[in-house]
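Data first, discussion second: the structure below is written as structure tokens.
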Amino acid sequence: MDKAMLLEWYRQMVLIRRFEQKSAELYQLGKIGGFLHLYVGQEAIAVGTIAARRPTDHIITAYRDHGHALAVGIETKAVMAEMLGKATGISKGKGGSMHMADVTRNFWGGHAVVGAHLSLAAGLGLSESYRETDNAALCYFGDGATNIGYFHESLNLAGVWKLPVLWICENNQYGMGTAVSRASAVSAIMQKASAYGMEGKQVDGMNVFEVYKATQEALQAIREGKGPQFLEMLTYRYEGHSMGDPLRYRTKDEVEKWREDDAIGILERHILENDVATKEELDGIDHTVEAELTEAVQFAEESPLPAPEELFTDIYVED
Amino acid sequence: MARITMRQAITDALREEMHRDENVFIMGEEVGVWGGTYAVTRGFYDEFGPRRVRDTPISEMVIGGAAVGAAMNGLRPVAEFMTINFAFVAFDAIINHAAKLRYMFGGQMKIPLVFRSPGGGGRQLGATHSHTPDVIFAHFPGLKVVSPATPYDAKGLLKAAIRTDDPVLFIEHATLYQIRGEVPEGEYVLPIGKSDVKREGSDVTIVGYAQGLQVAMEAADELAKEGIEAEVVDLRTLRPLDMGPVIASFQKTFRAVVVEEGHRSYGIGAEVVARLQEEAFDYIDAPIKRVAQLEAPLPYSRELEQSALINKQRVIAAVKEIL
């Protein structure tokens, strides 16, 4: 791995974490409305998987989507402006936190009905299969989504039609406040993939190197025509399901235990212990991220609200 | 001009569009090897092959969602729900996704798909297989809902539905597949969102669509024998709803009856009546009547089922009440 690549991963992961922390502050101030789901703790997954994709591969995810939006390269200020419901937001202020997308980057959202977007991913895969390309669709979802009908119908269809979809389960241990063991008949989510003709693989989702490697291998298998693949990324969200989560369902000790294997910490240690870069260089990246974030918040705050007539645009292509 | 069945008109529209545009494909339960549960796609599997005529598992959620996903990326799926009753299973895909994604992402996406589905009662299939739920789907901005009454309209409107860049739910009343009507040779496309006067008259306006339109026409024929000339307006599209021809007719007749096969409460008729009083209040000479399905689930037993459904006698009676 070359230095530039590792430092870019570090930059993205710090950006995502700081973006989320800043968003939480803005939410408390009432500047962000609706629901807000933070990606803190899970950064290695969006960054490691998206680093392994080609730009022509599709990305589609659930409502905890800021990390993916930033990792595909949407401008930080366009993501922040969307959070604030501004006209300059990536979805023109019509989607909000849960509905970021940038079609020019093959990033298809940001979807907030649990499991539904798995069926859209099957369709994205179908479109590539139909055109006989070797592009793939990377579809992210939580452990909770594996209990809904969409999951089973989508994996089954992808299996039957050999669709080029990489299913990426971000198992952060809880579907809202319900532990995997209380909601899923099998606690190893990857076992569910076997019902649909996929082997499935568990990956340390806190380790960006493991995430990257597993994604590369899975995408390679898809491009070789081996059909859909399934990765279960073991991870943890440090914050609640969304803002206002009372966190009655887990202990502080459990959170602390996961934090010891922090995704950014693992990457930082690797960089320093292998003399990839110095602490000063990493600090420099931190400062750059802070400046970018400050600028993004300022941009978002100063941006105009959507014009009143925007209420009626984008409903149809042809009116 | 040939007189062909509605089924043939729909088949012809699909075949022509498949030949015209490589991005158009068909997916659904039994659309391929079987040839379609209502034989609409018979022969397509051999003609176009398994890539473009795709048999799905019995999985309405992913039929709906995968069609949306494929459409987002530029294909033009014609996805079939074997009956509109099963589209309930895919309601989330149709309403939360097909109808909303473009708006929610600020206009970044187009969803150029068609959901085709036969619907309607009167075939002794019991309560879960006999719905006419068109109004439910027409409630939501973002979706276009079309339901034709004649072979000519079915062909022209289905071709338009396939060509538009917006998602369309195309509801085919199953009892209309066998009706025949004149359809010109060669290419034509009809505009979505335009109501159409199917019969001219000056005494009363009867508004209908799909099966309701056929019942309205039968009633108008009977009324004519008694010297009552009804003007019959076919809505054809439920969203966007074109009230122009309805209002123009009402301003001539001052009286109206709305006929629909769905339930009376919260129905298409309720919407048409509300708009008439909003937009043509000064022309109202009599209560505007609704003829619709009675407020009960549809039973299996033939006579009992028929008693709940619309028929020409009920339309005639409604007309006579307000003349």
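The values are calculated or read from the model by the stated rules, or taken from the named source; none is laboratory data. This structure is a prediction, so every number in the text was calculated from the model and none was measured. So basically every Cβ, Gly included, is an ideal-geometry build from the backbone, and we count neighbours across all protein chains shown.
The table below gives the values:
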item: Criterion violated by A:MET83 - all others in (1) within 12 Å of chain B (Cβ to nearest Cβ); (2) in contact with a Gly (Cβ under 8 Å, 6 or more places away or on another chain); (3) at negative phi; (4) surrounded by 24 or more Cβ atoms within 10 Å (Cβ to Cβ) satisfied; result: (1)
item: Failed condition for A:THR56, given (1) among the hydroxyl-bearing types (Ser, Thr, Tyr); (2) touching a Leu at 6+ places or on another chain (Cβ under 8 Å); (3) surrounded by fewer than 21 Cβ atoms within 10 Å (Cβ to Cβ); result: (2)
item: Hits in the stretch B:87-111 (condition: buried (at least 20 other Cβ atoms within 10 Å of the Cβ), more than 21 Å from A:GLY95 (Cβ to Cβ) and more than 10 Å from chain A (Cβ to nearest Cβ)); result: B:ALA87
item: Verdict on A:ASN106 being surrounded by fewer than 24 Cβ atoms within 10 Å (Cβ to Cβ), at positive phi and modelled with pLDDT of 95 or more; result: yes
item: Some residue of the stretch A:161-170 being among the β-branched types (Val, Ile, Thr), closer than 15 Å to A:THR49 by Cβ, buried (at least 19 other Cβ atoms within 10 Å of the Cβ) and within 14 Å of chain B (Cβ to nearest Cβ); result: yes
item: Flag if A:VAL180 is within 11 Å of another protein chain (Cβ to nearest Cβ), surrounded by fewer than 22 Cβ atoms within 10 Å (Cβ to Cβ) and either free of Cβ contacts under 8 Å to residues at least 12 places away in the same chain or in contact with an Asp or Glu (Cβ under 6 Å, 6 or more places away or on another chain) (or both); result: no
item: Some residue of the stretch A:299-314 being within 14 Å of another protein chain (Cβ to nearest Cβ), without any contact (Cβ under 8 Å) to a residue 40 or more places away in the chain and loosely packed, with under 11 Cβ neighbours inside 10 Å; result: yes
item: Qualifying residue in the stretch A:199-219 (condition: touching a Phe, Trp or Tyr at 6+ places or on another chain (Cβ under 6 Å) and either more than 9 Å from chain B (Cβ to nearest Cβ) or part of a strand (DSSP E or B) (or both)); result: yes
item: Residue check for A:SER119: within 12 Å of chain B (Cβ to nearest Cβ), in contact with a Lys or Arg (Cβ under 9 Å, 6 or more places away or on another chain), among the hydroxyl-bearing types (Ser, Thr, Tyr) and assigned to a helix (DSSP H, G or I); result: no
item: Residues located in the stretch B:113-138, provided they are more than 14 Å from chain A (Cβ to nearest Cβ) and assigned to a loop (DSSP other than H, G, I, E, B); result: B:GLY120, B:GLY121, B:GLY122, B:ARG123, B:GLN124, B:LEU125, B:GLY126, B:SER130, B:HIS131, B:THR132, B:PRO133
item: Which listed residue, of B:GLU279, B:GLU229, B:GLU261, is modelled with pLDDT of 95 or more and closer than 21 Å to B:LEU176 by Cβ; result: B:GLU261
